[in-house]
1. Please compute one quarter of the surface area of the Cα convex hull for the chain and express it in square nanometres.
2. Could you check the spin-label model distance between GLU60 and GLU45? Points 7 Å from the Cα along Cα→Cβ, value in nm.
3. Averaging sequence separations of C-alpha pairs under 8 Å and six or more residues apart, then dividing by the length of the chain, give the relative contact order as a whole percent.
4. Simple spin-label model, 7 Å along Cα-to-Cβ: ASN80 to ALA34 in nm?
5. Take the solvent-accessible surface of the protein heavy atoms, probe 1.4 Å, and return the percent of it on the chain that carbon and sulfur atoms account for.
6. Any idea how many Lys pairs in the stretch 2-102 come in under 15 angstrom at the alpha carbon, given 8 or more places apart or on separate chains?
7. Using only the alpha-carbon atoms of the stretch 1-61 as identical scatterers, what base-10 log of I(q)/I(0) does the Debye formula give at q = 0.19, 0.27, 0.29 Å⁻¹?
8. Only helical DSSP H runs with n ≥ 4 go in: add -39500 (n - 2.57) per run for the chain, normalise by residue count and round the 222 nm mean residue ellipticity to 500 deg cm²/dmol.
Amino acid sequence: MEITDSNYQSVLAEGKPVMLDFWATWCGPCKIIAPIVEELAKEYEGKVIIGKVNVEENEELTEQFKVRNIPSLFFIKDGNIVDKFVGATTKDVIEAKINALL
């Protein structure tokens, strides 16, 4: 799911836990974790909203989350950031952080 400056509030309003993946097309590590993020989005569909935020197209969210390095993964529960990970990592690490939201 693509999360944008304009749809972020409606995504939060759904009341589900959210994982945001801040990325850019030119980012090598972002490309490495992209298949993992897509796989997890399918596995957790209906339980957790897993979305991608293109930092070049969504300056408001990038500023709001104070993203300085990408990929940056933010884990949100009840509208609050409860965890964060910066850089490429394994599926196990991301999945453990998603499970902590549930």
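The values are calculated or read from the model by the stated rules, or taken from the named source; none is laboratory data. This is a predicted model, so every value here is computed, not measured. Here Cβ is always computed from backbone atoms with ideal geometry, including for glycine, and neighbour counts include all displayed protein chains. Heads up: the accessible areas ignore ligands, DNA and RNA and are worked out on the full protein's heavy atoms, side chains in. Shrake-Rupley method; radii C 1.70, N 1.55, O 1.52, S 1.80 Å.
1. On the way: hull surface 22.3 nm².
Hull-based average projected area comes out at 5.6 nm².
2. So the two model labels end up 2.9 nm from each other.
3. Working: 156 pairs, mean separation 36.5, N = 102.
Dividing the mean separation by the residue count of the chain yields 36 percent.
4. It is 3.5 nm.
5. 51
6. Within the stretch 2-102, the lysine pair count is 13.
7. -0.70, -1.18, -1.26
8. Calculated mean residue ellipticity at 222 nm is -11000 deg cm²/dmol.
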